[in-house]
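Enquirer: Sharing a structure with you now.
Just so it is clear, none of the values below were taken in a lab; they were calculated from the coordinates. Just so you know, these numbers come straight off a predicted model, no measurement behind them. As a convention, Cβ positions derive from the backbone with ideal geometry for all residues, glycine included, and neighbour counts pool all protein chains shown.
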Amino acid sequence: MIKNKNSGMTLIEVLVALFVIGTIIAGSVIIISTAFGSITRVEDRLMAQNMAREGIEVVRNIILTNSIKYSDPKCWNKKQLPCENDSNKLSGAYTVKHYMANNKFETSLEEKTSPFYLPSDPAEPEKKKLNPIYIISLQKTESEGFYTNDAKDPKENTKFYRKIDISYDEGDLDRMLIKSTVAWIDGEIKIENTFNKK
């Protein structure tokens, strides 16, 4: 009986084939894990951007509500009456509070005086932790959920923190400057807008 010397694979050929297959699989795993990491970063930025926009919209809605509710044009930027009192003017740092009252969805701004501590702030390198009073949590009702800075249940906290800064143009006190900042450990989003007295 004659044996064909080329009929089987040698050990070296098997090892080379396993090495090639292993390299392809490892490369695929690295590519897939990088893609999933990128998707998570994009989702975080999108969520933060929407929360920052919501901060601007809350202030805008307060201004529009004031212009409808009060006939006095001096009330456009007030937290409460009387309009003549400048201490009632929206100014400073705020968080957004959404809540249910009498089966009705309500929104308000809560004034804050504590620092925010952005992770990217070079002036505060030792303070990399965001201030927990600004954390955004998910609150659930029987039918849906909503995001708020009013944390009642620490299990429902998100990774995001939001602060709304309201100031006025020095040359034009009828021009409100709003900056809504949403931050998390890996990044931050800032959206700015201006509103003028109508």
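Enquirer: Give me the angle, in degrees from 0 to 90, between the Cα long axis of helix 11-69 and the longest principal axis of the Cα atoms of the chain, rounded to the nearest 10.
Expert: 10 degrees
Enquirer: Shifting gears a bit: Taking the Cα centre as origin and putting +1 on Lys and Arg beta-carbons and -1 on Asp and Glu beta-carbons, what dipole magnitude results for the chain, to the nearest 20 debye?
Expert: 460 debye
Enquirer: Ok, one more. Where in the range 17-91 are there GluC sites (Glu not before Pro) that are in a DSSP coil and have at most 10 other Cβ atoms within 10 angstrom of their Cβ? All intermediate terms of the calculation are to be shown ahead of the outcome.
Expert: Working: sites: 43, 54, 57, 84; in loops: 84.
Filter output for the range 17-91: 84.
Enquirer: Please give the net charge around residue 48, taking every other residue with its beta carbon less than 12 angstrom from that of residue 48, where Lys and Arg add +1 and Asp and Glu add -1. Numbers along the way, then the final one.
Expert: Working: positive: 41, 45, 53, 159, 162, 190; negative: 43, 44, 54, 186, 188.
Value of the local net charge: +1.
Enquirer: With each run of n ≥ 4 DSSP H residues scored as -39500 (n - 2.57), what mean residue ellipticity at 222 nm is computed for the chain after dividing by its residue count and rounding to the nearest 500 deg cm²/dmol?
Expert: Counting only the DSSP helices, I get -11500 deg cm²/dmol.
Enquirer: Also, quick follow-up: Which one of 25, 94, 164 has its Cα pushed farthest toward the positive end of the charge dipole of the chain, where Lys and Arg give +1 and Asp and Glu give -1 at the Cβ?
Expert: 25
Enquirer: For the chain, what size does the Cα cloud have along each of its three principal axes, sorted from largest down, in whole Å?
Expert: 112, 43, 32
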